[in-house]
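Below is one structure, written out as structure tokens; comments come after it.
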Amino acid sequence: MTNFATEILTISKNTGMLEDVFAILNSSGIQNTSYKYENEDETLDFIKENAPSILILDDKTEAPAILAKKVKSEFEDNIFIILLCDTENFEVKNGDFSGSVDSFVQKPIQKNILISTVNSFLKIKKSLDKFKKDNKELNKSLYQLDVLYNTSSKLSGNLDKKKLYEIMFETLEKTLSFDLACALIFPQAYENSENKLFIHSLKKPDETLLNVLSEKITDYAKENAQNNDFTKVSIEEFIKPSYENQNFDIKLLNFDKLMAPIQVKDKTYGMLLIYRNKPFLKEDVVCFQSIVHQISSALQAIILYDEIKNTNVELKKLERIKSEFVSIVSHELRTPLTPINNSLEIVLSENITDTARNFTNMAKRNVKRLSGIIEDLLDLSRIETGKFDFKYEKYNIKTSFDIIQKTFEEQAKEKGIIFETELNSNLPDIYADSRKIEQILTNLTTNAIKFTPSGGSVKISAQTINAKNLNKDTLINPVCDYSGDYLKISVKDTGIGIKEEDIHKIFDKFSQIENSLTRNAGGVGLGLTITKHFTDAHLGGIWVNSTENEGSDFNVIFPVYSDLKAFEINLNAARKINETTCLLTLKSKEGRQKLDTLVQKLKEENIIKQLKNSKEISFETENYYAYKIFFSNLQKNVCDFMTRQIQDYINKESIFKDCGIVLERTVFRKEDGDYSQGI
Ligand code: ADP
């Protein structure tokens, strides 16, 4: 077989013609080769084997048109064919050359014409080759970009350190096709107490190479992170199964290499080193840097997330300790109050001076006040730990009205306040825990008297109201899906009133609106928190209409159910779908996975207390994804806190930056599906 010195091949039956062409091209410094035509098959084989760029074909072969066509189709048009032909009617004589021959040179051959034709094809060929090379590089860069893009979306949803390095090696392999990659990851950046050396390799590194690699990367790492302890390094190897029986030896160190530290801010968490037999190009280095950068950012997110998680655990622990402390202290404080009160009673029953009586009565009032505060603290602790027990029975409000009337009549009179109760006749029974309803009324009436100056009035009334006449916008707690009648109790005063912007605050625990009366009147800001919780527990609601300096009208409602069973069914249902929901929406389909990850994360974090099954919590339209997140059995302020926390997560997570996430907190009302209050 002839080896080509050039890309030009001349084929003819005629040795004289071959010699002529060879001489003409040679005289111009164009190297070329000749082949004497014997038969079509052999000629074709010869052309195929040697793959010239330009074929000069003499028309004196058996069927030049057919041969030209076959060559063109074999080389998919990547060959130029010049036909040497007789002057006249060669097409008629020799067949159809259209589409197969690129140029015709007439015989007898004119030197200049042949040389210039060959030269122009050589130039075209050169440009085409360059174009193909550029195109190949462009394709490679596009491929790398695509891999990097996919990597970034994979990384963004990932909070697992182990997975992070898997993604890293996978990306490195796809973009840079390394022969061997090793990463030394420090314990802080991996769920491990030791440094971890990952080796991903085409062939198994032999023992000497492994030792050298381990030493080499540790030395690099030492330069970047002096304070890390490098005495313990555990090695994990991943060898491509197809090369399992082959080894890399120390010669691998002669391969081209790229190396970089994995850093978050100024702190180094590991080192990455890759080897490749084929030298790395400039674009490869950029790609490598970009991967290392992506990994570092993803690691930073994981480290931050871990910190937040740990802080959260700590906070929860503290919150529990605080609740237990409040509970224990309150019990301890309550115990001596009963004997003190009894002793005071005994003193008062004795024959004592007026001054002593006054002081003893004062002491008694303070003991009562103190026990009120302690009871509130204990109630709060029971609410927070979910230890409240409600005994629901058929109940008529009349009984409680009588008790309230008796309890507050005297107190109001002493303060110079007109106090009255008004009951509509035929008020329906409700299912309720009578003691809790009395506590609600006591809290509201205490406040009304407390915040109404002398000369004012306090009126308690009860009536029936239908669900459709309720103004849901003013309700503090979203009432459940109920369309029947409610029993409504109103505690109305002509006191100092509440500013509109303060109305939502007063239901938060320990919140008091700063004014002279609050300071003098005592209390710790728990009454309304407890009241709201108790109305919730009866599937009821609470709201207040108030005007500063004119007075307040606190309203509580309780649904009227026909029987205890119906009430209990709804009570159970409401426990499941309760309170505020948070609507997380995401507009891109690709982001779905990210949203899933976030929801999962929030769930693990207990930020989402309860998620219903996926069918109910998520809905999707063609290009719109959303999660409705239910906060279960939580008060509004806790829900607000949760919502803020979710918002924080979203702000902190770079993964959501480009996703168009809308976080919406909304009061969930089944009846009207109104989400208009969302942020
Ligand atoms: P406290 O035991 O301190 O009264 P509450 O939770 O019962 O706590 O009330 C919280 C705050 O709401 C009060 O400190 C007061 O500022 C405001 N408030 C409650 N009821 C009234 C009312 N009837 N008139 C004016 N302000 C009120």
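Miscellaneous remarks
- Converting the Cα gyration tensor eigenvalues of the range 241-362 into ellipsoid dimensions via √(5λ) gives semi-axes, longest first, of 80, 16, 9 Å.
- For the range 313-410, the set of GluC sites (Glu not before Pro) satisfying both a DSSP loop assignment and a count of at most 11 other C-beta atoms within 10 Å is given as 350.
- Shape class for the range 9-112: rounded, because the ratio a/c of the largest to smallest gyration tensor axis (alpha-carbon atoms, square roots of eigenvalues) is under 1.5.
- Ranked 37, 269, criterion: other C-beta atoms within 10 Å, fewest first: 37, 269
- Residue 398-residue 160 FRET efficiency (beta carbon distance; Förster radius 45 Å; 0.05 resolution): 0.15
- Residues of the range 276-299 with amide N under 19 Å of the 7 Å Cα→Cβ point at residue 266: 297
- Rounded to the nearest 5, the antiparallel percentage of DSSP beta bridges internal to the range 99-238 is 50%.
- Inter-label distance, nm, simple model (7 Å from Cα along the C-beta direction), residue 116/residue 191: 7.7
- Burial ordering of 11, 403, fewest other beta-carbon atoms within 10 Å first: 403, 11
- Gain on full extension, evaluated as 0.36 nm per residue between residue 467 and residue 104 minus their Cα-Cα distance, stands at 121.1 nm.
- Calculated FRET efficiency, residue 474 to residue 510, Cβ-Cβ distance, R0 = 22 Å: about 0.40 to the nearest 0.05.
- Sparse-neighbour loop sites [chymotrypsin sites (Phe, Trp or Tyr not before Pro); the range 357-418; at most 16 other C-beta within 10 Å; DSSP]: 388, 390
- Cleavage-rule hits, GluC sites (Glu not before Pro), the range 204-295, DSSP coil, Cβ neighbours within 10 Å at most 12: 244
- Extension gain, residue 387 back to residue 223 (0.36 nm per residue minus Cα-Cα distance, nm): 53.3 nm
- The residues 152, 483, when put in order of fewest to most other Cβ atoms within 10 Å, stand as 483, 152.
- For a label point 7 Å along the Cα-to-beta-carbon line of residue 324, residues of the range 379-411 with backbone N under 18 Å: 381-387
- Hypothetical label at residue 281: residues of the range 114-153 whose amide nitrogen lies under 15 Å (7 Å Cα-Cβ projection): 129-146
- Between residue 338 and residue 23, full extension at 0.36 nm per residue minus the direct alpha carbon distance yields a gain of 100.7 nm.
Read-outs throughout are calculated quantities, based only on the coordinates presented, and are distinct from any laboratory measurement. Because the structure is predicted, anything quoted here is derived from the model rather than measured. Heads up, the Cβs are rebuilt from the backbone with ideal geometry, glycines too, and the neighbour counts pull from every protein chain shown.
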